Amino acid sequence: MRAVVVEQWGGPENLVEREVDRPEPGLNEVLVRVHAAGVNPVDWKTRAGGALIEWGAVPAVGWDVSGTVEAVGPGVGIFRPGDEVFGMPLFPRQAGGYAEYVVAPARHLAPKPASLTHVEAAALPLAALTAWQALVDAADVRPGERVLVHAAAGGVGHFAVQIAKARGAYVIGTASAAKHELVRELGADEVIDYRENRFEDVVSDVDVVLDGLGGETAERSLTVLREGGRLITLPGPDDVPAAPDGVLAAWVLVEPDHLGLREIAALVEQGRLKPVVDTVLPLAEAAKAHEIGERGRTTGKIVLTVA
Ligand SMILES: NC(=O)c1ccc[n+]([C@@H]2O[C@H](COP(=O)([O-])OP(=O)(O)OC[C@H]3O[C@@H](n4cnc5c(N)ncnc54)[C@H](OP(=O)(O)O)[C@@H]3O)[C@@H](O)[C@H]2O)c1
């Protein structure tokens, strides 16, 4: 099968297309024919040599996939060949999503929302699960709470705005001015132009901050939280600032999550969550997708078409 692999850690030029063996599904595993593969910052961070865990010799980056079940291994009860599925198998271990086929533990996948194309569905898993697991599982956002989403037009942020809104929160997002209309359309009650204002000068009494930026943004975010507030920061564990008593500050790492994917699919089918796809490129142009993504200006998601 065709796959894009990382020949050696480094720049996007190290992403190369190769013929590799098609994987076989084992116990409780599913072989998925990939139609589209989503691209995430962790893909280029891994390609550059910053793998979250130790990997073997030939890394195959990419986790987000949407496709069709080609075969099931012994013991799989929830899928049959021909089912349309989406998910982010095996993260943060190697999955090899930039390929024609991928093997996944069955419950690292869920039925693809019928109303979405494979390109749209491939935009969802890692970023939408991150937003879900941060806001719902970790921060337990409640109706009426004030939620501040940094980088609200980005991959995680644009899902976070919609999920917080669906939970009944009052949502404030940060984005550059050109993206404000979109962030409002996604449900934000207020949008802050982070280039014109320091957010801590214009927002206060926040219950939950979802921070996709880390560093000094995480530090400054503590100042807008009220007693009982929760700061969930995403880039890495070193970005978590020391929080005062009564405030939670934590790094959350997304994990494969069958039930979370089902919740996300349900929101899609209810018309309360939609992926925004900024750029679609063929698998062979994975390097270009990384170059674009690494500029850090993506609106929504970048997706590779495979089948
Ligand atoms: N812990 C986890 O499990 C987990 C999961 C997913 C992602 N992450 C991490 O979370 C971070 C965000 O991921 P992502 O997929 O959302 O990235 P992304 O899609 O590449 O984010 C791009 C967005 O960031 C915005 N942005 C850049 N600087 C900003 C600033 N100072 N204030 C407000 N917005 C700003 C840009 O908007 P403008 O063009 O308007 O600047 C752009 O829309 C990455 O570091 C990623 O590795 C962690």
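General remarks:
Matching residues to (1) out of contact with any strand residue (DSSP E or B) (no Cβ under 6 Å at 6 or more places or on another chain); (2) within 12 Å of the ligand (Cβ to nearest atom); (3) more than 21 Å from Pro41 (Cβ to Cβ):
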site	(1), (2), (3)
Arg226	yes, no, yes
Gly229	no, no, yes
Leu234	yes, yes, no
Val247	no, no, yes
Val252	no, yes, no
Glu255	yes, yes, no
Val268	yes, no, yes
Val277	no, yes, no
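- Filtered residues of region 140-165 (kept if among the aliphatic types (A, V, I, L, M), within 11 Å of the ligand (Cβ to nearest atom) and free of Cβ contacts under 8 Å to residues at least 60 places away in the same chain): Ala152, Ala160
- Residue satisfying condition, being open to solvent by 10 Å² or more (accessible area, probe 1.4 Å) and farther than 13 Å from Val306 by Cβ, within set Pro59, Pro92: Pro92
- Hey, Ile264 of a type in the set (Val, Ile, Thr), assigned by TED's automatic domain parsing to the domain that holds Ser115 and part of a helix (DSSP H, G or I) or not: no
- Of the residues making up region 275-286, those that are farther than 26 Å from Val30 by Cβ and either touching a residue at least 60 places away in the same chain (Cβ under 8 Å) or part of a helix (DSSP H, G or I) (or both) are Val276, Glu285.
- Positions within region 236-245 being more than 16 Å from the ligand (Cβ to nearest atom) and either of a type in the set (D, E, K, R) or open to solvent by 80 Å² or more (accessible area, probe 1.4 Å) (or both), in sequence order: Ala242, Asp245
- Residue check for Ile292: among the β-branched types (Val, Ile, Thr) and in contact (Cβ under 8 Å) with a residue 60 or more places away in the chain: no
- Positions within region 122-172 being within 16 Å of the chain's Cα centre (by Cα) and aromatic (Phe, Trp, Tyr), in sequence order: Trp132, Phe159
- The one condition in (1) more than 25 Å from Leu182 (Cα to Cα); (2) open to solvent by less than 50 Å² (accessible area, probe 1.4 Å); (3) in contact with a strand residue (DSSP E or B) (Cβ under 6 Å, 6 or more places away or on another chain); (4) touching a residue at least 24 places away in the same chain (Cβ under 8 Å) that Arg262 fails to fulfil: (2)
- Any chance Asp211 is within 22 Å of Ile163 (Cα to Cα), near the ligand (Cβ under 10 Å from one of its atoms) and open to solvent by less than 10 Å² (accessible area, probe 1.4 Å): yes
- Tally of residues being within 16 Å of the ligand (Cβ to nearest atom) and in a helix (DSSP H, G or I) across region 287-307: 7
- Selection of strands (runs of 3 or more DSSP E) fully inside region 1-109 by the criterion of at least 3 residues being more than 16 Å from the ligand (Cβ to nearest atom), in contact (Cβ under 8 Å) with a residue 40 or more places away in the chain and not basic (Lys, Arg) returns 2-6, 29-39, 65-72, 101-105.
- Just one of (1) in contact with a Pro (Cβ under 9 Å, 6 or more places away or on another chain); (2) open to solvent by 10 Å² or more (accessible area, probe 1.4 Å); (3) more than 29 Å from Thr233 (Cβ to Cβ) fails for Thr117. It is (1).
The values are calculated or read from the model by the stated rules, or taken from the named source; none is laboratory data. A quick note: this is a predicted structure, and the numbers were derived from the prediction, not measured. Note: ideal-geometry Cβ built from the backbone for every residue, glycine included; neighbour counts use all protein chains shown. Please note that ligands, DNA and RNA were not included when accessible areas were found on the heavy atoms of the full protein model with its side chains. Shrake-Rupley method; radii C 1.70, N 1.55, O 1.52, S 1.80 Å.
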